[in-house]
1. Give Glu110, Glu115 a once-over and let me know the one that is under 24 Å from Ala31 (Cβ atoms) and in contact with a helix residue (DSSP H, G or I) (Cβ under 6 Å, 6 or more places away or on another chain).
2. Taking Glu98 as the residue in question, decide whether it is under 26 Å from Leu10 (Cβ atoms) and touching a Ser or Thr at 6+ places or on another chain (Cβ under 9 Å).
3. Considering only residues of the stretch 111-125 that are in a loop (DSSP other than H, G, I, E, B) and within 18 Å of the chain's Cα centre (by Cα), which is surrounded by the fewest Cβ atoms within 10 Å (Cβ to Cβ)?
4. Which ones in the stretch 45-57 are in contact (Cβ under 8 Å) with a residue 24 or more places away in the chain and assigned to a strand (DSSP E or B)?
5. Somewhere in the stretch 77-97, is a residue touching a Phe, Trp or Tyr at 6+ places or on another chain (Cβ under 9 Å) and part of a helix (DSSP H, G or I)?
Amino acid sequence: MSKVPRNFKLLEELEKGEKGLGAESISYGLANQEDITMTYWNGTILGPPHSNHENRIYSLTIVCDETYPDKPPKVRFITKINLPCVDSQGNVIVSNFETLKNWKRSYTMETVLLELRKTMALAANKKLPQPVENSTY
């Protein structure tokens with residue numbers, strides 16, 4: 001089976017993200033339209049309902065370096081959040097987040113954002129006290 005080249009995969013993700021073809025609870029796109037390497041991305045997650053994240057919008061940065069999609073992207077929250085898989089600088093800790101820890105080449109940025117949102121909604125996490133709304137790292 002042949003591997004889809006990095007740029008083709010990222011172009012597919014860009015098209016899906018820009019056209020809003022994915023889940024309505026998340027969004028993502030290039031941080032800079034001039035980034036021909038498609039390395040730096042922005043993402044947002046709408047906090048899940050019935051949780052301490054409800055009615056909040058979380059901003060993230062996603063870095064898809066030259067090893068992507070063979071290796072997971074680097075994901076960092078800009079908006080402060082209290083989650084076990086996020087360190088004190090906002091970085092998503094690979095070893096504490098199953099999707100990044102058990103990365104598969106078929107995963108996408110959408111997969112990562114949706115799984116982070118699911119993590120927010122877990123019973124163990126949905127009532128965690130959260131930083132002041134709109135605070136950033």
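Any read-out appearing in this document is the output of simple, stated calculations on the displayed coordinates, not a laboratory observation. Quantities reported herein were computed from a predicted structural model and do not represent experimental measurements. Cβ atoms come from the backbone with ideal geometry, glycine included; neighbour counts cover every protein chain shown.
1. Working: Glu110 fails: in contact with a helix residue (DSSP H, G or I) (Cβ under 6 Å, 6 or more places away or on another chain).
The match here is Glu115.
2. On the way: under 26 Å from Leu10 (Cβ atoms): yes; touching a Ser or Thr at 6+ places or on another chain (Cβ under 9 Å): yes.
Taking the combined requirement at face value, the residue satisfies it.
3. Restricting attention to the stretch 111-125, the residues satisfying the condition of being in a loop (DSSP other than H, G, I, E, B) are 122-125.
Of the ones still in play, those that are also within 18 Å of the chain's Cα centre (by Cα) are 122, 125.
Working: Leu122: 13, Asn125: 19.
Taking the candidates together, the pick is Leu122.
4. Within the stretch 45-57, the subset in contact (Cβ under 8 Å) with a residue 24 or more places away in the chain is 45-48, 50-53, 56.
Listed by number, the residues that qualify are Ile45, Leu46.
5. yes
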